[in-house]
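So the structure is just underneath, and the comments pick up after that.
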Amino acid sequence: MSAYLIFTRERTIDQAEMDIYSSLAPATAASHPIDVLANYGRFEVLEGDPIEGSFVMRFPTYAAAKTFYNSHDYQAVAVHRHAGSDYRVFIVEGGRLISLAVEVPLRPPVPPDPETSS
């Protein structure tokens, strides 16, 4: 079952450290089965505290996501992210697919009641 590693940047502290992180982080993914689904694109916070941006990666399994995050290569680069910003990072495992659509039957319009219409 797929798992998603989600990075949410809450506050930048040191842009120079973030620039180092941004230049080094992509190479740490080379040997891992990662699909980038969102890369600091347009967003809108609908609930909760404001954020500066978000990054979402998909892995084939929860274990693969943890292996990447805990890898020596990534952790050696992550020190720059830790020094340069406040982040919330978490892994979420995908569940079974469900349809959120609710079928509502279409009804013909009800004609006005002649007794109550003026």
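Exactly one residue out of Ala16, Ala63 is within 20 Å of Gly95 (Cβ to Cβ) and outside any strand (DSSP E or B): that is Ala63. Among the numbered conditions (1) modelled with pLDDT of 95 or more; (2) loosely packed, with under 10 Cβ neighbours inside 10 Å, the only one that Pro105 does not meet is (1).
Residue pairs whose Cβ atoms lie under 9 Å apart, separated by 6 or more positions or on different chains, with the first residue in region 32-47 and closer than 16 Å to Leu5 by Cβ and of a type in the set (Val, Ile, Thr) and the second in a loop (DSSP other than H, G, I, E, B) and modelled with pLDDT under 95, are Val36/Ala29. Look at Phe7 and say whether it is of a type in the set (Phe, Trp, Tyr) and either farther than 22 Å from Ala76 by Cα or in contact with an Asp or Glu (Cβ under 9 Å, 6 or more places away or on another chain) (or both). No.
The values are calculated or read from the model by the stated rules, or taken from the named source; none is laboratory data. The model shown is predicted, which means the values in this text are computed figures rather than measured ones. Note that each Cβ is placed from the backbone with ideal geometry, even for glycine, and that neighbours are counted across all protein chains shown.
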